[in-house]
Amino acid sequence: MPDTVLKNFRLLDPRDLSLKSGIKVLVRDNLIQEVTTARLAPKKAETIDLGGRVLMPGLVDCHVHITATHVSTGLHANQQMPASLVTVHALKILEEMAMRGFTSIRDAGGADLGHKTAMEKGLFPGPRLFISGRAISQTGGHGDFRERVDGCEPCACGCAHLFNGIGRVADGIPEVRRAARDEIRLGADQLKVMASGGVASAADPIHFLQYARDELEALVDEARRASTYVMAHAYTPAAIRRAVEAGVRTIEHGNLLDRETARLMAKRGAYLVPTLVTYEALSRHGRELGFPEESLAKLANVVAVGSQSLKIARAAGVKMALGSDLLGELQRYQSDELRIRSEVLSPGEIIQSATLIGAEVLQREGKLGIIAPGAFADMIAVDGNPLDDIAVLLGQGERVPLVMVHGRLLKNRLV
């Protein structure tokens, strides 16, 4: 792959939220080699003139489900469709995310090593992908998608195929450890645990506390020994507190967060990944798209308080990454998470959450979320200045004419 030189742009640096002019960027293979004001003229390089646009690091979405292909089937699409068809849908979702400017995503349950490898090899256009494999759930937890009338046991029996999708069931310390080790064996970059009830599952009210403390600690121990971490689905203060005290590193959703629990998160260095756009989108379109009525009823408990969690977390000093958590047909609203957060946070805070803090969550500081020598060549060009108006990053990437991932141009509307 020939070298690429980018010139004639304003560089948005999320570290100090500044715009710098007169800079050129040299990309070689997957990496940024130089960021300089000096003349760059490597042999056989492709030069791209950005026409004075803003160049910035690609956006990071730390909570997606690329295999949740339809709202009506919620988080368990794999139980309803052939795996090959799920993957075709997922590849389309991945491409559309990249076209919006999201160059790195963390799948929170469902994507596997095949999806990740396809992105790395450039077999299909899409973002850099970090996978959790199957989320680990207790029986009757948020990852147990059996209906209440389903007496099938979640074990190695004739119904085992029902548990090869977004979640897997494990009960007791030995089973939890085995599930964690197996997901790591299968290529998980991090582990996902269901630590409270959820909206999209039938048998667990949101306030349910899931897993005993020693089971959570066992899961964290397995992750740490594999040099990775645990992310936890958790809504209530009690669920968040138990997870953080057990060593969980990132809390997903956290809508009902209170001040005391936020202070604990800040003290322990735990991250919050709010996913407010999914509640807005489901509230608007869930019924018409077949989202279950019992889930719509539970949705009302979390939708009204989501923005308050942003205020509480910011006041306590909790670092917040960007997440969307959208299902199927609602994936198109991914960028609206930025708009919702702008009701509470400044454009600069939102950009940092979607770049620098996202990189920290992914344990790729210095590699993602910045444009600097040695960083991955994941960048976007923007028509307009997001520091002045975050709306330039909304929609389907209409104002994002250039997207580069892994040093490869996935989108270039400048020519």
Counting only DSSP beta bridges fully inside region 59-334, the antiparallel percentage to nearest 5 is 5
What are the principal axis extents of the Cα atoms in region 199-285, in Å, biggest first? 43, 28, 22
In degrees, nearest 10, range 0 to 90: what is the angle between the Cα axis of helix 276-285 and the longest Cα principal axis of the chain? 70
For region 282-346, with only Lys/Arg (+1) and Asp/Glu (-1) charged at the beta-carbon, what is the dipole magnitude about the Cα centre, in debye rounded to 20? 340
For region 297-302, in order, what is each residue's ³J(HN,Hα) by Karplus, 6.51 cos²θ - 1.76 cosθ + 1.60 with θ = phi - 60°, in whole Hz (x at glycine and Pro)? 5, 5, 4, 4, 6, 10
For region 165-177, in residue order, the Karplus 3J(HN,Hα) values (coefficients 6.51, -1.76, 1.60; θ = phi - 60°; whole Hz; Gly and Pro = x) are x, 7, x, 9, 9, 8, 10, x, 4, x, 5, 4, 4
By how many degrees, 0 to 90 and rounded to 10, does the Cα axis of helix 213-225 deviate from the longest principal axis of the chain? 40
Would you pull out the residues with amide H under 5 Å of Thr67's amide H, same chain only if 5 or more places away, H placed 1.01 Å from N? Ala111
Unit charges at the beta carbon, dipole of region 59-334: most positive-side option, Thr236, Gly290, Gly141: Thr236
Taking amide H positions as placed 1.01 Å from N in the peptide plane, with prolines and chain starts having none, which residues 5 or more places from Arg128, or on another chain, fall under 5 Å of its amide H? Ser104, Ile105
Where in the chain lies the longest segment free of trypsin sites (Lys or Arg not before Pro) that are both loop residues by DSSP (not H, G, I, E, B) and have at most 10 other Cβ atoms within 10 Å? 149-415
Put +1 on the Cβ of each Lys and Arg and -1 on the Cβ of each Asp and Glu in region 59-334; which of Leu94, Ala223, Gly328 then has its Cα farthest toward the positive end of the dipole? Ala223
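For region 200-298, which GluC sites (Glu not before Pro) are in a loop by DSSP, counting at most 10 other Cβ atoms within 10 Å?
Loop-located and lightly packed - Glu288.
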Once phi for every residue in region 112-120 is put through the Karplus expression 6.51 cos²θ - 1.76 cosθ + 1.60 (θ = phi - 60°), the whole-Hz ³J(HN,Hα) values, with Gly and Pro written as x, are 10, 4, x, 4, 5, 5, 4, 5, 4
Determine the dipole magnitude for the chain: charges of +1 sit on the beta-carbon of Lys and Arg, -1 on that of Asp and Glu, nothing else is charged, the reference point is the Cα centre, and the result goes in debye to the nearest 20. 1200
Volume per residue, Å³, of the convex hull around the alpha-carbon atoms of region 59-334? 115
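FYI, it's all coordinate maths here, none of it is from the lab. What you see is a predicted model; the values in this text were computed from it and never measured. All Cβ positions, even for glycine, are placed from backbone atoms using ideal geometry, and neighbour counts span all protein chains on display.
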